[in-house]
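*Asks:* Structure incoming, see below.
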Amino acid sequence: KSSISSIQNGISVNIDKFTQKLRSISATSSSARCARSIRLALESAGAKFNDHPIAAADWGNTLQKIGYERINQSFDRPKKGDIYIINRTQKHVYGHIAAYTGSNWVSDFQQSGYAVYKDPNVRYEYYRLNK
């Protein structure tokens with residue numbers, strides 16, 4: 001099985017290690033620590049962060065620094081390692097971030113799908129590792 005990696009700014013991110021770690025640290029329900037879970041999983045896969053945002057909604061530029069690129073939403077055809085960010089809403093001031101493991105969306109918990117907020121007006125940003 002091939003392992004997908006990207007090298008950006010001297011940083012290599014191994015998608016298999018990223019998704020394995022994410023699966024291992026996720027719970028069955030949210031602990032409101034999605035950004036921490038994604039960061040720990042990315043670090044276990046080779047990503048290095050000098051500085052990183054706390055709020056999930058602020059992670060876009062940080063993802064781009066380690067080799068992700070923002071693409072059009074692809075929830076109908078997600079690829080292993082894809083990450084999405086939900087921008088802040090009135091109810092969710094930190095937003096949300098999750099990654100696709102190859103079989104499901106995971107943040108700090110095993111999600112039943114990507115739509116975790118019951119709000120039709122949420123805005124998504126979608127990122128894929130640039131190979």
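The values are calculated or read from the model by the stated rules, or taken from the named source; none is laboratory data. Worth saying up front: this structure is predicted, and the values here are computed from it rather than measured. No Cβ is skipped: glycine too gets one built from the backbone with ideal geometry, and neighbour counts run over all protein chains shown. Heads up: the accessible areas ignore ligands, DNA and RNA and are worked out on the full protein's heavy atoms, side chains in. Shrake-Rupley method; radii C 1.70, N 1.55, O 1.52, S 1.80 Å.
*Asks:* Using just the alpha carbons, could you tell me how many Å³ per residue the convex hull of segment 75-131 encloses?
*Replies:* 89
*Asks:* Starting from the coordinates of the alpha-carbon atoms of segment 27-74, obtain the Kirkwood hydrodynamic radius over all distinct pairs and give the value in Å to one decimal.
*Replies:* 11.8
*Asks:* Loop-only check: which chymotrypsin sites (Phe, Trp or Tyr not before Pro) in segment 14-113 are DSSP coil with at most 15 other Cβ within 10 angstrom?
*Replies:* Phe49, Phe75
*Asks:* If you don't mind, another one. Say a paramagnetic label sat at a point 7 Å from the Cα of Arg23, along Cα to Cβ; which residues of segment 44-82 have their backbone N under 13 Å from it?
*Replies:* Within reach of a label on Arg23: 80-81.
*Asks:* Compute the relative contact order of segment 27-131 as a whole-number percentage, counting only Cα pairs closer than 8 Å that sit 6 or more residues apart in sequence.
*Replies:* That works out to 36 percent.
*Asks:* If you don't mind, there's one more thing I want to ask. So how much slack lies between Ser30 and Lys80, counting 0.36 nm per residue of separation and subtracting their Cα-Cα distance, in nm?
*Replies:* 15.9 nm
*Asks:* For the chain, divide the Cα radius of gyration by the Kirkwood radius and give the resulting Rg/Rh value with two decimals.
*Replies:* 0.93
*Asks:* May I pose another question? On a 0 to 90 degree scale, rounded to 10, what angle separates helix 34-44 from the longest Cα axis of the chain?
*Replies:* Between helix and principal axis, roughly 10 degrees.
*Asks:* Can you give the extra length, in nm with one decimal, that the chain gains between Lys91 and Tyr124 once fully stretched, where that is 0.36 nm per residue apart less the Cα-Cα distance?
*Replies:* 10.3 nm
*Asks:* Please list Arg77, Arg33, Arg39 in order of solvent-accessible area, largest first, computed with a 1.4 Å probe with all protein chains present.
*Replies:* The most accessible residue leads, giving Arg77, Arg33, Arg39.
*Asks:* Nearest 5 is fine: what % of DSSP beta bridges in segment 16-131 come out antiparallel, could you say?
*Replies:* 95
*Asks:* Using only Cα atoms, tell me the angle between helix 15-25 and the longest principal axis of the chain; keep it within 0 to 90° and round to the nearest 10.
*Replies:* Its long axis makes an angle of about 50 degrees.
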